[in-house]
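Structure, as structure tokens:
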Amino acid sequence: MRTLVIGDIHGGLRALHQVLERAKVTPKDKLIFLGDYVDGWSQSPQVIDFLIEMKASHDIICIRGNHDELLEEWLSESKDNLLWYNHGGEATVLAYENVSAETKQKHIKFLKSLDNYYLDEQNRLFIHAGYTHMNGVLYEYFPKLFYWDRTLWETALALDKDMKPSDLLYPKRFIQYKEVYIGHTPVSRIGSTIPVQMANIWNIDTGAAFKGPLTIIDADTKEFWQSEPLPSLYPSEKGRN
């Protein structure tokens, strides 16, 4: 059984189909989705439908992303959010014009059921964005940071590569877990289109919301598979570009 981790999808169902096929995913694999299933490309409702269906046939864990929370607020509370609308939400709002009330209720239930993080038996943490408490997720005072934080990744990027975990000044956040898998902040911001490791943090968001591909990675071997860049799969759309 493989443990496969999938980065931010952002409404790109065609890309999700591609990576699952290219990785030759079977029901024997454990799939961990890192969140942000929606906002960007036009198939956000279909992505959620697909994940709900997969839960019946595969061993999957779905982590909550910040965009998933924003969609849940809009669906359940009709809560307008101009900032969300301008950062991918517009495509989602338009896509839901053709979704039935019954299906919307199923999606709300799915979004409310998402996990804030997953910690496996190897002490590997899977989380959308990060955490701020030096002792790890169990001590976090502000759970929303699990899907909004960027300081974990920013600290990893800035960390002196000659520093050892045993050094007095080494960030305590980084010694709590064997590895931490995140999405949330596209690695395209540092000029990459493949997963990036900094310290023990693995960033799997390869910019599928923008001009990059969607990525799935084997957490044990670090082999990864990617879709075509999303603009080539949705040539008549802008995504979040």
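The values are calculated or read from the model by the stated rules, or taken from the named source; none is laboratory data. Just so it is clear, the model here is predicted, and its values are computed rather than measured. Positions of Cβ are backbone-derived with ideal geometry, glycine not excepted, and every protein chain shown enters the neighbour counts. Quick note on the areas: whole protein, heavy atoms, side chains included, nothing else; ligands and nucleic acids left out. Shrake-Rupley method; radii C 1.70, N 1.55, O 1.52, S 1.80 Å.
Quick one: LEU82 ticks every box in (1) within 21 Å of THR206 (Cα to Cα); (2) surrounded by fewer than 15 Cβ atoms within 10 Å (Cβ to Cβ) bar one, so which box is it?
(1)
Identify, please: which residue in segment 100-112 is open to solvent by 30 Å² or more (accessible area, probe 1.4 Å) and in contact (Cβ under 8 Å) with a residue 40 or more places away in the chain and is, among those, nearest to GLN43 (Cα to Cα)?
Result: THR103.
Of all residues in segment 53-79, which are surrounded by 15 or more Cβ atoms within 10 Å (Cβ to Cβ), over 17 Å from HIS184 (Cβ atoms) and among the polar types (S, T, N, Q)?
Correct list: SER76 only.
Restricting to segment 222-241, and then to whatever is touching a residue at least 24 places away in the same chain (Cβ under 8 Å) and open to solvent by 70 Å² or more (accessible area, probe 1.4 Å), can you tell me which residue is nearest to PRO186 (Cα to Cα)?
Per the criteria, the residue is ASN241.
Could you run through segment 145-156 and say how many residues are free of Cβ contacts under 8 Å to residues at least 60 places away in the same chain, crowded, with 19+ Cβ neighbours inside 10 Å and assigned to a helix (DSSP H, G or I)?
4
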